[in-house]
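Computed from the coordinates by the stated procedures, all read-outs in this text should not be read as laboratory data. Predicted, not measured: the structure shown is a model, and the values here were computed from it. Quick reminder, even Gly has a Cβ in these numbers, built from the backbone with ideal geometry, and neighbours come from all protein chains shown.
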Amino acid sequence: MYTDILIIGAGVTGCAVARVLSRYEAGITVIDRGADVAEGASKANSGIVHAGFDAHPGTLKAKLNVEGAKMYPALCEELGVPYSQPGALVLGFSEEDRQTLKTLVRQGEENGVPGVRLIERDEVLAMEPNTNPEVVCALYAPTSGLTSPYEMTFALADHAAVNGAKFRLNEEVEGVTKGQDGLWHVTTDKDEHTCKILVNCAGVGAATIHNMMSSDLLHIIDRRGQYYLLDRMQTLPFRMTMFQCPTKMGKGVLVSPTVHGNLLLGPSAEDIEDELDTSTTAEGLKFVLDKCRLTWPKATTRGTITNFSGIRAHEEKGDFVIGAVGGQENAYETVGIESPGLSAAPAIGEMVGELIAREQGLVKKGQIVPPIARKKPFHAMTTEERAEAVAENPLYGNLVCRCEVVTEAEIREAIRRPVGATTIDGVKRRTRAGMGRCQGGFCSPRVAEIISEELHIPMTEVTKCGGTSRLLVGTIHDAMKEGC
Amino acid sequence: MNSKCVDILVIGAGPAGLAAAIAAKEDGIDNLLVLEREHNPGGILRQCIHNGFGLHRFKEELTGPEYAQRDIDRAREMGIEIQTDTTVLSVDGKTHTVTCVSSAHGVEIITAKAIILAMGCRERPRGALGTPGTRCAGIYSAGTAQKFVNLEGYMPGKRVVILGSGDIGLIMARRMTLQGAKVLACVELMPFSSGLNRNIVQCLNDYDIPLYLSHTVIDIKGRERLTGVTVAKVDANRQPIPGSEIEFDCDTLLLSVGLIPENELSEGAGVKLSPLTSGAEVDDVLQTNLPGIFACGNVLHVHDLVDHVSNESFRAGHAAAAYVRGQLSGGDTLDVRDGDGVRGTVPQRIRKGVSEEVDLMFRPSGVFRNATCIVTCGGREIARKKAPIFTPGEMAVVKLKPEIVAGLDDTVTVTIERS
């Protein structure tokens, strides 16, 4: 199958690049091995839009983080993605930490981050009274924000799709070669593709893809981060994102509200062998809780909704690798997109997309289709708005997820979107059905039924997250016939 | 937006809501409405197709649907209106205004003189346990699996490990076995089961399903669908003992690790909850801290037997009717406290000067053999009950006779005295 531009990887970076390129006259296909977009690091990270003081001045991480963070408020508004800007503190507990924080403040100033300053203990405790009183000082970053990383990815993908980008999911790239015809030949487990322009945004798999094209090898370290996600509560212990001083392994363990009002504890940082091993471990979770106690002495996992882990693609030289693939024509890449990758993603999309457009002489479309307007979620509507919504579409009257107050109308809409949900997890991430305290105990049978109806597949084909993750092994009659 | 007024609004048409509505109607309350979020009334009993319900109340062994149907039929005969497919979104505890939604009627605002909370309970999910591992398909709470099998006709898996020995888990061990699945083990963290003894015998022992007490699941494996779990023995502090690991090859893990009263609406209304029961704190007629708001059934505290749910809910229904008529005496109350060996006694207070029978219901805090439950009032013994065994898996009930209740003048304490 031929496409002008083939993007490998439908994470937040690949989708951001696809969206920018979809402004131009070119056929775009995005391939991902996951059953959904945002199946890698984009679904499992802290969801922080970092202010931009962490990265060393002069690095791509610094530049793109600051640029990306500036784009977030307007982009989220345009795409209907949740965003808030509660600010962040980086806590210092010693004079040594103070020196580190001073360096971070200087970096922040140099990187062009607005309003970063060092504050003393009293001000920290006045801002966040549940902070460990042993805190000495903190870096205060008022522009630190929160978003929903997977919802951002869905929205970018949907916007690219309404402008013509095709998404091929459940498809894994196995080989990349340059043909005699000058085209890239990409072999997957399902098909053969040819394309003029190849863009590698493959997350933890990006080095593997890079090394298929280039002799200048890259090496990605798969760095797993484990988290606790706690239920939404009446009053969260912290309003802001609470960091500790960064270490070699990353930004350290944070305690932060999520943009949806849950509380997130994590991540750990462990280098692992298997880039797909997103399991959690007793040691990793214990590490997270122990570390959190430094920030929050009363830290508790009471009210835990789930624990999860995500894998950051750490390129061993430490910076993002972005641009044309060295020594190759018509090949571009974004490799080593770990934190602050989510924050930087919109800027990476612009940088890579516009680079490709310029170098390849792409022609801008006469008309770009605006994003599909997103309806306010039912749970966030006023009583009057709810009444109107049900009057307009009675399916808003059928509540499916009682914990997160999600209606049948919203679940069907999530499946019908341009890059719609096809799995239980896909519905969960788009609508929050099953994201609450009962963990889908009540709603998952109904969600499965709706997926089965919308996609015209039998109930026994409905999966949690694609592949063999079927919910059901057969009807009770099958089970009796076959035996077990 | 529609709005209407009723005398009594019952939230939930499971066994609790139905019994409360029937009692209120018997007392002559005609302007009565029951709201139910599911398409059919009956609550969780609809999926409990095994028998053993109704032994106390009907002196018969009924299945869950049969038990529910008796109340549904009775409610229909009495002309009680049950509005199904309707979800309550919020309850205002001060104005007694309830906002609900349905596709048939849109958003409705209902004001009630009295409200009876009968929303039932939900299962504790995996997240609450913090079990590490993967987040693959094949992990269900026992009740979700029960719904798939009994109401939808689907098998969630073929090789099953059950974590927790709650009653639903035990019932599902038998149900999955009868349906052709292989149940490999039932694993319980505590040194005793949290289920009814009769269920251990009839659902595990009769099918040679091993029960691993003082064990838990410490790892969950499988990238897409579950492929196995690791079980380990735990020490006295419930920490896994290294070297005691047992690997199970399974495609399904069912969780039966406790039930939690579903009190989100109550909390929103300002109802004071007990940290021990996770249900409302109530007086002897099941009235919460908010006048005219009553709670009964599993939303108040988790019961083992539906017969007890019904009896408790009749009481709530009668009391709500009396409240509507202005005939419910209020005034001072005496606290009921948990003594040694006792957890979460309901009711938490008794009105002073009433002379009606009161059932004190609680969970023993451990397994006590040949023990005696003693109830005292200001140090004076007012009731006692001996039992060959008290266990957390079986709710204990001690009755206070009307003449005893009439004479109460101080804090009531419930204690289990071990021999």
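Take the Cα of A:A282, go 7 Å toward its beta carbon, and the backbone nitrogen atoms of segment B:216-240 under 15 Å from that spot belong to B:216-221, B:229-240.
For segment A:7-18, backbone phi angles converted through the Karplus equation (6.51, -1.76, 1.60; θ = phi - 60°) give residue-by-residue couplings of 9, 9, x, 10, x, 5, 6, x, 5, 5, 5, 4 Hz, Gly and Pro being listed as x.
Structural descriptor for chain B: relative contact order 16 percent, calculated from alpha carbon pairs under 8 angstrom and at least 6 residues apart. Applied to segment A:440-453, the Karplus parametrisation 6.51 cos²θ - 1.76 cosθ + 1.60 on θ = phi - 60° returns per-residue 3J(HN,Hα) values of x, x, 8, 8, 4, x, 6, 4, 4, 5, 5, 4, 4, 5 Hz, with x for Gly and Pro.
For the peptide A:448-460, the mean number of other protein chain Cβ atoms found within 10 angstrom of a residue's Cβ is 1. Within the straight-line cut-off of under 25 Å between alpha carbons, the lysines reachable from B:K385 are B:K59, B:K352, B:K399, B:K401, sequence neighbours fewer than 8 places apart in one chain being disregarded. Here r is the Cβ-Cβ distance between A:K190 and A:L289 and R0 is 45 Å; the resulting FRET efficiency, rounded to 0.05, is 0.60.
Which of the peptides A:180-186, A:321-327 is most tightly packed, and how do the rest follow, judged by the mean count of other Cβ atoms within 10 Å per residue?
Top of the packing list down: A:321-327, A:180-186.
Amide H contacts for A:V136 (H built 1.01 Å from N in the peptide plane; partners 5 or more residues away or on another chain; cut-off under 5 Å): A:G92, A:F93, A:S94. Using θ = phi - 60° in the Karplus curve 6.51 cos²θ - 1.76 cosθ + 1.60, the 3J(HN,Hα) couplings for segment A:89-105 round to 10, 10, 8, x, 10, 7, 5, 4, 4, 4, 5, 4, 5, 4, 4, 5, 4 Hz; x is entered for Gly and Pro. Between A:E123 and A:R302, the FRET efficiency from the beta-carbon distance, with R0 = 35 Å, is close to 0.75. In chain B, the DSSP-assigned H stretches of four residues or longer account for a calculated mean residue ellipticity at 222 nm of -5000 deg cm²/dmol, using -39500 (n - 2.57) per stretch and the full residue count as denominator.
Kirkwood radius, segment B:125-257, all distinct C-alpha pairs, inverse of mean reciprocal distance: 14.4 Å. Under 8 Å for C-alpha pairs, at least 6 residues apart: give me the relative contact order for segment B:125-257, rounded to a whole percent. Relative contact order, segment B:125-257: 33 percent.
Over segment A:328-484, how many pairs of lysines fall under 29 Å by alpha carbon, counting only those 8 or more apart in sequence or from different chains?
Taking segment A:328-484 as the scope, the lysine pair count is 7.
Taken along the Cα-to-beta-carbon direction at a fixed 7 Å, the label points for B:N370 and A:S214 span 8.0 nm. Here segment B:310-419 has an Rg and Dmax of 14.5, 48 Å, counting Cα atoms alone. In whole angstrom, segment A:378-482 maps to an equivalent ellipsoid with semi-axes of 27, 14, 13, each derived as √(5λ) from the alpha carbon gyration tensor and ordered largest first. Suppose we look only past 15 Å in the calculated P(r) of segment B:205-293. What percent of the Cα-Cα pairs does that tail hold? The answer is 72 percent, as a whole percent. For chain B, the longest principal axis of the C-alpha atoms and the axis of helix B:167-178 are separated by about 50°.
Based on Cα contacts under 8 Å between residues 6+ apart, segment A:1-138 shows a relative contact order of 20 percent. When all alpha-carbon pairs of the protein assembly as shown are counted, what percent fall beyond 46 Å? Value for the protein assembly as shown: 32 percent of Cα pairs lie more than 46 Å apart.
Taking every Cα-Cα distance in chain A and sorting them into 10 Å bins starting at zero, the pair-distance distribution P(r) comes out as 4, 19, 29, 26, 15, 5, 1, 0 percent. When shorter helices are ignored and each DSSP H run of at least 4 residues is given -39500 (n - 2.57), the per-residue value for chain A at 222 nm works out to -10000 deg cm²/dmol. Near B:G228, the amide H atoms lying under 5 Å from its own belong to B:K221, B:C250; only residues 5 or more places off or on other chains count, and H is placed 1.01 Å from N.
Provide a whole-number value for the mean count of partner chain Cβ atoms within 10 Å of the Cβ atoms in peptide B:177-189.
The shielding value for this peptide is 2.
Relative protection proxy for A:161-170, B:297-306, from highest mean packing down: B:297-306, A:161-170 (other beta-carbon atoms within 10 angstrom). Is the shape of chain B best called rounded, prolate or oblate, per the rule: a/c under 1.5 gives rounded, else a/b larger than b/c gives prolate, else oblate, with a ≥ b ≥ c the square roots of the Cα gyration tensor eigenvalues? Oblate shape, in that a/c is at least 1.5 and b/c is the bigger or equal ratio. With a Förster radius of 30 Å applied to the beta-carbon distance between B:N31 and A:T383, the computed FRET efficiency rounds to 0.80.
The mean count of C-beta atoms from other chains within 10 Å of the C-beta of residues in A:434-442, rounded to a whole number, is 6.
Segment B:359-379 and segment B:93-146 have Cα centres spaced 32 Å apart. With each label modelled as a point 7 angstrom along the Cα→C-beta vector, the B:D92-B:Q239 pair spans 5.2 nm. In this Cβ point-charge picture (+1 for Lys and Arg, -1 for Asp and Glu), segment B:331-419 has a dipole of about 300 debye about its Cα centre. Would you mind telling me the antiparallel percentage of the DSSP bridges in segment B:125-257, rounded to 5? That works out to approximately 40 percent antiparallel.
In this label model, A:E449 and A:E329 are separated by 5.9 nm, measuring between points 7 Å along each Cα→Cβ vector.
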